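One structure is given here, and the rest of the page talks about it.
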Amino acid sequence: MGQPITAVEKPTHRPGMVRFEIDRTLTGMGHERYRDRDEITGHRPPDELARRLIATGKVDAVHIYSNEITVDLKKGFDDTGLKDILENLFIYYRPDRDGVTPAAR
C-alpha cells in the first residue's frame, strides 16, 4: 500500500556522489542536509528518507532540495539499492515482505 515514487539517477562529475530526481517534491523550496553522524529526529518525508539512506551504511551525507536528492557515498561504496529506497519511501507494506494482503474495496 502507498504510492511508489519514480526516481531517475542523474550523472554527476564527482566520484562518490549520486544524484536522483524524483516525481514529487519532498521539501518545497527548502534545503535539507543530513550527515551520518547527526541524529535525525524529524518525522517528515525528507527526514525519513535520509534516515533510510544513512541506515544502509553506504552514505556519508544527504542533501534534499525539492525533488532532487544528492547522496555523498562513503569511500569504497557504490549506490546499489539506493534508488529502491527512494522509490519505496511511501510504500507502507508489501504482501511479499510483511505477509499482509490489502483488503479490496
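The values are calculated or read from the model by the stated rules, or taken from the named source; none is laboratory data. What you see is a predicted model, and the numbers here were worked out from it, not measured in a lab. When we count neighbours, we look across all protein chains shown, and the Cβ atoms used for this are built from the backbone with ideal geometry, even at glycine.
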Checklist entry - Got a number for residues in the stretch 2-39 being of a type in the set (A, V, I, L, M, F, W, C), surrounded by 12 or more Cβ atoms within 10 Å (Cβ to Cβ) and either over 16 Å from residue 71 (Cα atoms) or touching a helix residue (DSSP H, G or I) at 6+ places or on another chain (Cβ under 7 Å) (or both)? => result 6
Checklist entry - Which residues, taken from the stretch 54-73, are acidic (Asp, Glu), touching a residue at least 40 places away in the same chain (Cβ under 8 Å) and under 14 Å from residue 16 (Cα atoms)? => result 72
Checklist entry - In this structure, is residue 5 modelled with pLDDT of 95 or more and aliphatic (A, V, I, L, M)? => result no
Next on the checklist: Condition first: out of contact with any helix residue (DSSP H, G or I) (no Cβ under 6 Å at 6 or more places or on another chain), among the small types (Gly, Ala, Ser) and at pLDDT 85 or above. Can you find one or more residues in the stretch 82-105 that meet it?
Outcome noted: no
Item to check | Filter pass, residue 51 being more than 11 Å from residue 18 (Cβ to Cβ), in a helix (DSSP H, G or I) and modelled with pLDDT under 95 | outcome: no
Checklist outcome for this item: Only one of (1) over 20 Å from residue 88 (Cβ atoms); (2) among the small types (Gly, Ala, Ser); (3) modelled with pLDDT of 95 or more; (4) not in a strand (DSSP E or B) does not apply to residue 61, and that is (4)
Checklist entry - Just for the stretch 37-48: of the residues that are part of a loop (DSSP other than H, G, I, E, B) and not small (Gly, Ala, Ser), which one is farthest from residue 24 (Cα to Cα)? => result 37
Checklist outcome for this item: In the stretch 25-48, anything touching a Pro at 6+ places or on another chain (Cβ under 9 Å) and at pLDDT below 95 is listed as 26, 27, 30
